[in-house]
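Quick notes on the structure that follows.
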Amino acid sequence: MVTAVGFVPSAPLLIPDLAGGAAERDEPLRGACLDVIRCIGKAGSTICVVAPAVTTAGEWPSDATWDFTGFGVARRPEPNGGVLPWPLGIGAWLLDAAGWEGRRRYVAVDATTTVAYDDADVAVLAVADGGACRTEKAPGYLDARAEGFDQAIMVAIDTGDAEALAAIDPGLAAELWCTGWPVWRQVAMATVGRRVAEARLLASAADYGVGYFAGYWLFS
Amino acid sequence: MPSVLRWGSEEFHATDRAVMAIVNATPDSFFDRGRTFGAAAALERVDQVIDEGADIVDIGGVKAAPGGDVDVDEELRRVLPVVEGARDRHPDAVLSVDTWRSDVAVAVCRAGADVVNDAWGGVDSGLADVVARYGAGIVCTHAGGQSPRTRPHRVWYDDVVGQTVAGVQGLAQHCVDAGVRPDGIAIDPGHDFGKNSRHSLLLTRRTDALVATGWPVLVSLSRKDFVGEVLDLPPDDRLEGTLAATAIAAYRGARIFRAHDVTATRRVLRMISAIAGDADLAVGRRGLA
């Protein structure tokens, strides 16, 4: 049963090794992500990281490790339990940074995945972004619809509105280079109809033209 | 494959280290932002770069970054007068056109262009046939499969060097199969095209891997964002970083260098040639008198 949901971005630049000398610039957002994890970690003995599938959907071993070498960095831990695709890796890295020592699950999702939460108390860590078309310098260039699209997600996170997440248009998400949509679909499927005891958007940013959100839902 | 690259009336051997000068016939390219928009201004720039010693002139009408749509007619409106004027003023110059479109390639080859510089990696399947038909040269660039004028977004390579080498070899072979003369083909790893800055740095460091394919290697490094991200500097301040990358690529065997700053690039390449033992002093006096 899902007892909490944490929302964090899936931006590679959140990882200090990838941000290079500019790692400090994103410290407030990174800090908010760690706060999210510490908060949801109090509500569950397992944190299930849910992130967009890169090539394949599925579940990875709980002792698999992050690896960002495909982005050009040299460092990674010993991959004894296997290597996570990078979006799950971002979740793993954030869990490490937040000092999470409880149980973990890693699930990559696409448009059709169904995830079962059989554990007694599971907190879902939803690793996902909004559109990548917020500015002319954005990866996906400027699309005037991007801001409203992201705004709706921010409101949904801040108000605990699972139905709003379920209502995100997948076609529009694809046009706006939003890879997070399958993750929110999962969150909505797992939580719609449940009463949210506390919902908060801790941070949001779009400095690089991509919508990032950090927040949480706690269930009674 | 052939050891000599033949473009126009010129031959480029392995250690020639030639400069391809960038001439933008656009209102909004990232570096010169319209300074040579309009055929007259672009032709002045053609005259200038040839005067500065450029070996090849590369004329482009569409900026690489996303932005307002430039269709075939508009692209031709921008580049065709420049190609015609340049051919008229400089009958023996090697002229290249930076386009991915076969429709544009037909018109500019007819007007006298010697080379098609396809920066987007063969997205137009008819381009190789056009190049073959006109006996022109081509630059086969690895662009990571991106559509023209799109930015790389979280691009992952298990082996960026291996994948880039395989990519350009595939493009070159496709050109050979289409009838392009093999001695007209150059390969370009496509720095920053479908790649992040670390990928581009690694490709610079491993220029040798591209050279080892046997195809002549062209690199386009000038003022690019990977230089900007190393130094945290805007395009106007990226000359030194560009020249550093140029020197490494040159020392490791690249043959053609696509550049904005012709004089500075030529001086760097001349120095690299001397260090590599491929060229002698211009003046031997000191300690010898």
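Read the figures in this text as sums done on the coordinates, not as results from a lab. Given the structure is predicted, the values throughout are model-derived calculations rather than measurements. Reconstructed Cβ throughout: ideal geometry from the backbone, glycine too, with neighbour counts over all protein chains shown.
Brief remarks follow.
- Eigen-decomposition of the gyration tensor built on the alpha-carbon atoms of the range B:108-258 gives equivalent ellipsoid semi-axes of 26, 16, 15 angstrom, largest listed first.
- Shape analysis of the range A:98-220 places it in the prolate category; the axes a ≥ b ≥ c from the Cα gyration tensor give an a/c of at least 1.5, with a/b above b/c.
- Each residue of the range A:36-47 is assigned a 3J(HN,Hα), and the resulting list reads 4, 5, 4, 5, 6, x, 6, 9, x, 9, 10, 10 Hz, derived from the Karplus form 6.51 cos²θ - 1.76 cosθ + 1.60 (θ = phi - 60°), x at Gly and Pro.
- Percent of Cα-Cα distances greater than 29 Å, calculated over chain B: 28 percent
- Partner chain coverage, peptide A:69-77 - average Cβ within 10 angstrom: 4
- In the range B:71-135, the alpha-carbon atoms span a convex hull of 71 Å³ per residue.
- Note, ³J(HN,Hα) from phi for the range A:190-197, Karplus 6.51, -1.76, 1.60, rounded to Hz, x at Gly and Pro: 7, 10, 4, x, 7, 8, 7, 6
- Shielding of B:269-280 by partner chains, average beta-carbon count, 10 Å: 0
- Prolate is the label for the range A:1-52, because the ratio a/c of its alpha-carbon gyration tensor axes (a ≥ b ≥ c) is 1.5 or higher and a/b is greater than b/c.
- Fewest-first ranking of B:ASP225, B:ASP51, using other Cβ atoms within 10 Å as the exposure measure: B:ASP51, B:ASP225
- Descending principal axes extents, the range B:172-283, alpha-carbon based, whole Å: 42, 42, 22
- Counting, for every residue in A:139-145, the Cβ atoms of other protein chains within 10 Å of its Cβ and taking the mean gives 3.
- Normalised by the number of residues in the range A:139-220, the mean separation of alpha-carbon contacts (under 8 Å, six or more apart) gives a relative contact order of 31 percent.
- Size-normalised alpha-carbon gyration radius of the range B:38-155, reference 2.2 N^0.38 Å: 1.05
- Using C-alpha pairs under 8 Å with a sequence gap of at least 6, the mean separation divided by the residue count of chain A gives a relative contact order of 29 percent.
- Compactness check for chain A: Cα Rg over 2.2 N^0.38 Å is 0.93.
- Dimensionless Rg ratio for the range A:175-220, taking C-alpha atoms and the 2.2 N^0.38 Å reference: 1.36
- Inter-label distance for B:ARG267 and B:GLU74, nm, one decimal - labels placed 7 Å from Cα along Cα-to-Cβ: 3.9 nm
- At q = 0.12, 0.16, 0.19 Å⁻¹ the log10 of I(q)/I(0) for the range A:65-169 amounts to -0.60, -1.00, -1.21, computed by Debye summation with a single uniform scatterer per C-alpha, solvent ignored.
- Computed E for A:SER220/A:LEU142 - FRET, C-beta separation, R0 51 angstrom, nearest 0.05: 0.80
- Taken over the alpha carbons of the protein assembly as shown as equal point scatterers, the Debye sum produces base-10 log I(q)/I(0) values at 0.10, 0.11, 0.14 Å⁻¹ of -0.82, -0.93, -1.25.
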